[in-house]
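Undergrad: Quick one: the structure is below, and I'll ask about it shortly.
The values are calculated or read from the model by the stated rules, or taken from the named source; none is laboratory data. Since the structure is predicted, the reported quantities are computational estimates derived from the model, not experimental observations. Virtual Cβ from ideal backbone geometry, glycine too; neighbours counted across all protein chains shown. Keep in mind that these areas ignore ligands, DNA and RNA; they rest on the heavy atoms of the full protein, side chains included. Shrake-Rupley method; radii C 1.70, N 1.55, O 1.52, S 1.80 Å.
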Amino acid sequence: INDIDPLPETHRTFLQDSSPHGSILVTMGRFQVRLDSEKEKIFLNVFSRLKQNVFWKYSEKLLKSPNVIIAKELPQVAILSHPQTNLLIYHGGR
């Protein structure tokens, strides 16, 4: 992939410095599914138990975990093209 915008510093650090086991990108596309708070907690609980760092394109809600970045928008191409990214989980289209 050519001409990739650079990763923001926080994302680059998250990938390179704090992700010795790699990272996972989770996205449900531009039409984001809204989960109820219980399901959000389940997803966050599962992601927080992984040894990989997780980028979760979801919402601006204040869910917290040391190994999970949750954001409404993410530089997906830059994350996917980074050598520390091991897995993409997505909705698979309509």
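Residue by residue, here is whether (1) among the small types (G, A, S); (2) open to solvent by less than 40 Å² (accessible area, probe 1.4 Å); (3) within 16 Å of P8 (Cβ to Cβ) holds:
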site	(1), (2), (3)
R34	no, no, no
K41	no, no, no
K57	no, yes, yes
K64	no, no, no
N67	no, yes, no
E73	no, no, yes
Q76	no, no, yes
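Undergrad: Restricting attention to region 14-37, which residues are modelled with pLDDT under 90 and more than 20 Å from H91 (Cβ to Cβ)?
TA: F14, L15, Q16, D17, S18, S19, P20, S37
Undergrad: Follow-up question, since we're still on this one. Filter region 1-25 down to residues that are assigned to a helix (DSSP H, G or I) and under 9 Å from I79 (Cα atoms) and give me whichever is most open to solvent (accessible area, probe 1.4 Å).
TA: This residue is R12.
So that you can scan it fast, the table gives a plain yes or no per residue for (1) of a type in the set (S, T, Y); (2) modelled with pLDDT of 90 or more:
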residue	(1), (2)
E40	no, no
N45	no, yes
W56	no, yes
L63	no, no
T85	yes, yes
